[in-house]
Amino acid sequence: MNRSDLQETPQMPLNSGFGHDSTAASVLEDMDLSGCSAIVTGGYSGLGLETVRALVSAGVEVSVPARRADHARGVLADAELGNVAVFEMDLGSQDSVKRFAAQYLDSGRRLDILINNAAIMACPETRVGPGWEAQFAINHLGHFTLVNELWPVLSTDGARVVALSSTGHKRSGIHFDDPQFTNGYDKWEAYGQAKTANSLFAVELDALGAQSGVRAFAVNPGGIMTGLQRHLTQEEMVAAGWMDSAGTLREGFKNTQQGAATSVWAATSPLLDGHGGVYCEDCDIAAPTDPASELARFAGVDAHAIDPESARRLWELSAELTGVNAFG
């Protein structure tokens, strides 16, 4: 079987029965995932911590790779979460990602779920590795290498891979002519590119991996206040319409338990068996963006973030930059 033989999943809702206010715990209610193993990047803060909490409650053995491993162990211990192993990994360092992947493969653990949750947002211009723009490097290229290096164990049991995108994808497509922003940096354009990259990554990974039983999904968790906003001032968030001058969040923001729900749903829902390569939000497959809608900035997926040709082109670029490609 080749990629042309696989039936594409329509980018349309399935009417899952869950929605905007569903929580990760409610998605997994009465679900027993004992015997399953998962990796959650950034699984010790914000959405990642709630994702880990929900998976552990359902019986999943979770591994959390973290740049500050000792800090992560302390947070997870304080949260009284057992069945969690912490490893050291810095997504901004390709060597660090490869070391973690090798350590995980050597451990003999299986891998049923990989949730690429860790991210940075709208940071000052920062360069990592060989001069890569940090948001593209950490949010996308680090996870790209992680998945490719873990491919032997991902493909063994037909894992699901979840890549966290966001409505930030609506800000920008991929700057194929200058993905590292060497000719002028804009923090929001760079964030938009990274979130589009997360979505396109899921599209192409699903196309490449489905014949091995590996399915991939992009997820918009919704608007949630976490440490992700640490580079933003309150004035910027007021100007963006996220909150008023008193700091009151606009209607529609989620708490962290609700924000983790779509990741968990995409990783576990039986409704998605045989499906993949789509962008999800509010615990369902998202509809394409309706440009005429007043909610176009906040709901749906823009065409450039699920375009198969752009996804193939991004995969090729990412493989060239990292020197890693499990399908090469």
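Remarks
- Residue within the stretch 175-186 that is out of contact with any His (no Cβ under 6 Å at 6 or more places or on another chain) and assigned to a helix (DSSP H, G or I) present: no
- Some residue of the stretch 92-114 being more than 24 Å from Ser155 (Cα to Cα) and within 19 Å of the chain's Cα centre (by Cα): yes
- Residue within the stretch 285-299 that is modelled with pLDDT of 95 or more, of a type outside the set (A, V, I, L, M, F, W, C) and under 17 Å from the mean Cα position of the chain (by Cα) present: no
- A search for C-beta distances below 9 Å between a residue of the stretch 301-328 that is at pLDDT below 95 and any residue that is in a helix (DSSP H, G or I) and of a type in the set (Gly, Ala, Ser), counting only pairs 6+ apart in sequence or on different chains, returns Gly328/Ala319.
- With respect to the stated conditions, Val97 fails to be touching a Lys or Arg at 6+ places or on another chain (Cβ under 7 Å) and either at pLDDT 95 or above or not β-branched (Val, Ile, Thr) (or both).
- Selection of the stretch 53-64 for residues being touching a Ser or Thr at 6+ places or on another chain (Cβ under 6 Å) and assigned to a strand (DSSP E or B) yields only Glu61.
- Candidate set: the stretch 102-115, residues that are in contact with a Phe, Trp or Tyr (Cβ under 9 Å, 6 or more places away or on another chain) and not hydroxyl-bearing (Ser, Thr, Tyr); chosen: the one surrounded by the fewest Cβ atoms within 10 Å (Cβ to Cβ): Gln103
- Filter result (surrounded by fewer than 24 Cβ atoms within 10 Å (Cβ to Cβ) and over 14 Å from Thr322 (Cα atoms)) within the stretch 116-133: Ile120, Met121, Ala122, Cys123, Pro124, Glu125, Thr126, Arg127
- Flag for Ala319 being touching a helix residue (DSSP H, G or I) at 6+ places or on another chain (Cβ under 9 Å), under 23 Å from Ser172 (Cβ atoms), buried (at least 19 other Cβ atoms within 10 Å of the Cβ) and not basic (Lys, Arg): no
The values are calculated or read from the model by the stated rules, or taken from the named source; none is laboratory data. These figures come from a predicted structure and were not determined experimentally. Quick reminder, even Gly has a Cβ in these numbers, built from the backbone with ideal geometry, and neighbours come from all protein chains shown.
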